[in-house]
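Here is the structure we will look at.
Laboratory data are not the source of any read-out in this text; all were calculated from the coordinates shown. Just so we're clear, the structure is a prediction, and the values are computed from it rather than from any experiment. Every residue, glycine among them, receives a Cβ derived from its backbone with ideal geometry; neighbour counts consider all protein chains shown.
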Amino acid sequence: MIKYLCKRIARSLLTLVIILTVVFCLLRLMPIEGYFQNFDKLTETQIQVGLQEMGLTDPLPVQIVRFYGQLLQGDLGVSRVYRANVPVMDILADKIPLSIRLGSMSLLLALIVGLPMGGLMARFKGKFFDKFGTLFIVFIQAVPAAVYYLFIQMFGTELLGIKMTFDAEDWRSWILPVLSMSLGNIAYYGMWMRRYMVDESTKDYVRLAKAKGAGGSRITFRHIMRNAIVPLAQYIPTSFLNTVIGSIYIESLYSIPGMGGLLVDVIKRSDNTMVQAIVLLYATVGIIGLILGDILMVILDPRISLGKKAGGR
Amino acid sequence: MEQKTILSIKDLEIEFRLRGKDLHVIRGVSLDVHEGESLAIVGESGCGKSVFTKSLMGLLDSNGKIAKGSITYNGTDISAYRTEKEWMKIRGGEIAMILQDPMTSLNPLKTIGAQIEEAVYLHQGLKGAAAKQKVIEYLRDVGIHDPETRYKQFPHEFSGGMRQRVVIAIAIACNPKILICDEPTTALDVTIQAQILSLINDLKEKYKLTVIFITHDLGVVANVADRVVVMYAGDIIEEGLCEEVFFDPKHPYTWALLSSLPQLGVKGEELYSIKGTPPNLYKKIEGDAFAPRNPYALKIDFIKRPPFFQVSPTHKARTWLLDPRAPKVDPPEFIARLKEGGYALNE
């Protein structure tokens, strides 16, 4: 297991290096406007001096080595356009915690509501609760999110008596964004949980548990539930880490200064150092999510062993 | 020997509602199970043997129901049970079950110790160290070596035969009076089959169980059963002691079933197979259900359902051939050969 993890992390680092190098090289092909805030007003010589100062006239391999050297010291460089001459680290340090808090609260809500909802739907399959839940899931998945986000914002703010815009200090203003963000995930986890629960409940071991004399809720909670969570568990760490990425729509709806849409924004404004830093962040998050997902599977399912090549699934 | 009846089934009819139509799976079955015997129910796939035993524990799928008849266990008519709560009094503690496929009948995410312990907890009320002690005892009972280590292992660390032993340990841990074995050896290697059967027999003696085997394997029957019940299309067509059914079968279906045993075939001769398929259970069956596939069928077989004709106090068969007015029909030559004792039952 430990050996496997070391190998896995080494391979992930290699992946990360490849991604960063490719993105770095691609960004060198971008127009040089991105390195200056007031490009139009500069003379040709000023531009050349500027580029030289930033080391952009050096051969590509030299630039790459320097980039990794800075990276190892924890230096992500300085934003050029988005917020001129402010270190990228400082910009992100303001935004990331907000998105993570928002995202993890909404994911937690989704898991707390979604998993039991799916479980109960499976338990009372075909009964009222199941039909009601299905209706909810179909609604959430069929109606464009923007529509009910707007409704929640309009009626919610009125109901709570708060402003439409977000205020991190006021706990009440967290409620609506968190709720809106979690609805999609509630439907997602509810739907899959129900499906996996129903799948499990037709298996032979459930019949044996019944023949053993175990009652309905004992079977649901002690036997089926954990088995149904296994296939879902793989995705939970990824969706947790994805909260770093933020939600473009919700954050702009409530004017939350989070990560949502930042990548698109800096690419449009060709702020190359920012793009580079955010790509690094997202790639790391994705890779860590995958590793954690696998580890969680191993913890939950004794049949899966990461160390051995043979056996397991 | 006068035996006490532990389970008495009277005129049981079971229907399944399928795509808006009623499927008559069990059509008026009556059967007495004696305490301490091992009874085998044989028949081909789809004859209703599994459904029949499931109904004894209230494990019918939700679209199936007992339409008529009664199941009397210890003086109570359990066929009237409607709620899970009522059935839980029967399941495990009174009647336990071993399923066909040990590869799927254990929960893959729980240690086998925990799975047996659950039965110990549910039916003996033991917890903690006392329960663990009991579990290890049961593991030893079913012939699992080094039970202390095995206790902590998961089903995937066990072979098929070992898993079936665990399933048996779970059933025994419920402290049942009756043990239903639904094709307990079908999914196992031939080499393991005999071991499992003799294990069940040993446990039957040790825990004074009544065992009901469901099987389509007549070899299994010959090995373990005191009494045999032959089912066809949801009805019992012949019932008798093991020797009686094997050596002196009366129903043409039993003849056909025995003739199709490959082990008893003669080298060089073509294997016998029963022509046609079992009847459609959606339709009401007139007369003898086997008549359309029966080369010995009489005219009346297509019109009137035959009653049971008593052959001996323990042996009866549902065929018009036994009526005194019926023409004399000799069983196929093959059955006569069996009778001459060419084949030992318990080889």
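Brief remarks on what is shown
- Exposure proxy order (Cβ contacts within 10 Å, fewest to most) of B:Cys242, A:Cys6: A:Cys6, B:Cys242
- Helical segments meeting 30 Å axial Cα length and Kyte-Doolittle 0.5 threshold in chain A (DSSP H): A:2-28, A:88-123, A:272-300
- Note on chain A: helix-only mean residue ellipticity at 222 nm, from DSSP H runs of 4+ residues weighted -39500 (n - 2.57) and normalised by residue number, equals -22500 deg cm²/dmol.
- Counting other Cβ atoms within 10 Å as a rough exposure proxy, the listed residues A:Met89, A:Met197 run A:Met89, A:Met197 from fewest neighbours to most.
- Gain upon complete extension [B:Leu18, B:Gln195; 0.36 nm per residue less C-alpha separation]: 59.8 nm
- Prolate/oblate/rounded call for the stretch A:2-88, Cα gyration tensor, a/c under 1.5 rounded: prolate
- Based on the Stokes-Einstein relation at 25 °C and a viscosity of 0.890 mPa s, and on the Kirkwood radius from alpha carbon pairs, the stretch A:96-300 is assigned a translational diffusion coefficient of 130 µm²/s.
- Taking θ as phi - 60° and the Karplus parameters 6.51, -1.76 and 1.60, the scalar couplings of the stretch B:44-59 work out to 7, 4, x, 7, x, 5, 5, 4, 4, 6, 4, 5, 6, 10, x, 9 Hz in sequence order, x denoting glycine and proline.
- Between A:Glu44 and A:Leu5, residue separation times 0.36 nm minus the direct Cα-Cα distance comes to 8.8 nm.
- Each 10 Å bin from zero holds the following percent of Cα-Cα pairs in chain B: 5, 24, 31, 25, 12, 3, 0.
- In terms of other Cβ atoms within 10 Å, B:Ile98, A:Ile112, A:Ile291 run from fewest to most in the order A:Ile112, A:Ile291, B:Ile98.
- Looking at the stretch B:255-329, the trypsin sites (Lys or Arg not before Pro) that sit in a DSSP loop and have at most 13 other Cβ atoms within 10 Å of their own Cβ are B:Lys267, B:Lys275, B:Lys283, B:Lys284, B:Lys304, B:Arg325, B:Lys328.
- Between 0 and 90°, nearest 10: helix B:190-207 axis offset from chain B longest Cα axis: 70 degrees
- Restriction of the GluC sites (Glu not before Pro) in the stretch B:172-279 to DSSP coil positions whose beta-carbon has at most 15 other beta-carbons within 10 angstrom yields B:Glu269, B:Glu270.
- When the alpha carbon gyration tensor of the protein assembly as shown is reduced to an equivalent ellipsoid, its three semi-axes come out at 71, 27, 24 angstrom, largest first.
- Alpha-carbon gyration tensor eigenvalues x 5, square-rooted, for the stretch B:150-261, Å: 29, 16, 12
- More than 17 Å apart - percent of Cα-Cα pairs taken over the stretch B:81-124: 46 percent
- Here the extension length gained between A:Leu108 and A:Val22 equals 27.4 nm, from 0.36 nm per residue of separation less the Cα-Cα distance.
- Qualifying trypsin sites (Lys or Arg not before Pro) in the stretch B:17-79, DSSP loop, other Cβ atoms within 10 Å at most 16: B:Arg19
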